[in-house]
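Worksheet: one structure, shown below.
Only the coordinates and a few stated rules stand behind these numbers; no lab work does. Bear in mind the structure is a predicted one, so any value in this text is a computation, not a measurement. Cβ coordinates were reconstructed from backbone atoms using ideal geometry, including for glycine residues, and neighbour counts include every protein chain displayed.
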């Protein structure tokens with residue numbers, strides 16, 4: 001059982017062992033779960049993203065870097081970055097999602113060669129802030145949670161699909177060679193998006209959230225799950241919406257290769273929810289077990305280095 005000295009008023013391993021985590025099943029999805037998401041996907045693909053690129057003021061060796069804006073659903077303008085490799089051909093593309101802390105800049109050290117990289121900021125966060133959506137995780141995750149069809153997470157999934165549309169529009173030759181990488185919030189959004197978009201051919205999800213909402217409501221955390229637990233205590237109707245936004249339920253529909261990094265100890269994203277997503281994946285999958293997530297621990301640098309090597313091999317097949 002994972003365990004580290006900590007000051008949290010709860011056990012971030014929740015009493016689970018690796019063996020018991022690997023037995024966590026996805027909750028039963030609504031009968032119209034697939035219909036709900038397929039209809040959203042069709043509507044999203046009808047949107048022309050109209051990307052606008054401006055050279056980024058900072059030079060980075062090996063990349064041409066651009067500030068990016070594009071249009072998503074609900075006429076939402078999203079900001080982000082596009083990195084195009086210089087001096088080598090573009091053979092693949094990768095959309096890179098961020099955690100609930102947002103993103104201040106793109107990553108320049110991802111282990112994916114010959115790839116154009118698109119870093120979107122999901123609606124309401126970082127470069128895509130827009131009132132009245134709060135950029136604070138506690139409030140962002142509650143935005144329109146009482147309206148199933150308008151809940152903020154659905155819009156964020158559509159933002160990801162439109163990012164793929166940007167890549168295929170700007171670089172038609174990489175169609176069939178597009179992947180996704182997302183951590184925490186971005187991992188959960190990725191799991192929700194993957195089943196319905198055949199343009200995404202493989203994905204990496206790191207400590208993904210939004211898995212098994214019924215369990216999340218039982219387990220204390222310091223992350224977005226805390227906000228949802230508080231909302232449920234006040235209103236009692238949160239599952240009317242969340243049963244349609246369960247990343248573990250979505251994972252049962254995923255048939256492309258997925259690499260998951262899931263943690264045994266995590267105060268922000270309870271491990272049973274992470275493993276529920278991995279366990280439910282219906283297609284080829286691989287697991288890298290982190291000792292902890294959202295937490296500093298002695299082996300963190302070593303595990304991050306090992307995971308980089310895993311991902312280099314994984315995305316080499318993209």
**Request:** Obtain the nm distance between the two label points defined at residue 18 and residue 31 by a simple spin-label model: each point lies 7 Å from its Cα along the Cα-to-C-beta direction.
**Result:** 4.2
**Request:** Order these peptides, 19-27, 181-189, by their mean beta-carbon neighbour count within 10 angstrom, highest first.
**Result:** 181-189, 19-27
**Complete:** Ranked by GNM mean-square fluctuation in the chain (Cα springs under 10 Å), the top entry among 198, 44, 262 is 198
**Request:** Take the chain, connect every pair of alpha-carbon atoms lying under 10 Å apart with a spring to form a Gaussian network, then pick out the residue of 268, 292, 64 with the largest mean-square fluctuation.
**Result:** 64
**Message:** Compute a Gaussian network model of the chain, connecting alpha carbons closer than 10 Å, and tell me which residue from 125, 110, 83 fluctuates the most.
**Reply:** 110
**Fill in**
Put in order of increasing Cβ neighbours within 10 Å, starting from the fewest, 231, 278 give 231, 278
**Request:** Kindly provide the helix-only [θ] at 222 nm of the chain, computed as the sum of -39,500 (n - 2.57) over DSSP H runs of four or more divided by all residues, to the nearest 500 deg cm²/dmol?
**Result:** -9000 deg cm²/dmol
**Asked** By per-residue mean of other Cβ atoms within 10 Å, what is the highest-first order of 279-291, 210-222?
**Response** 210-222, 279-291
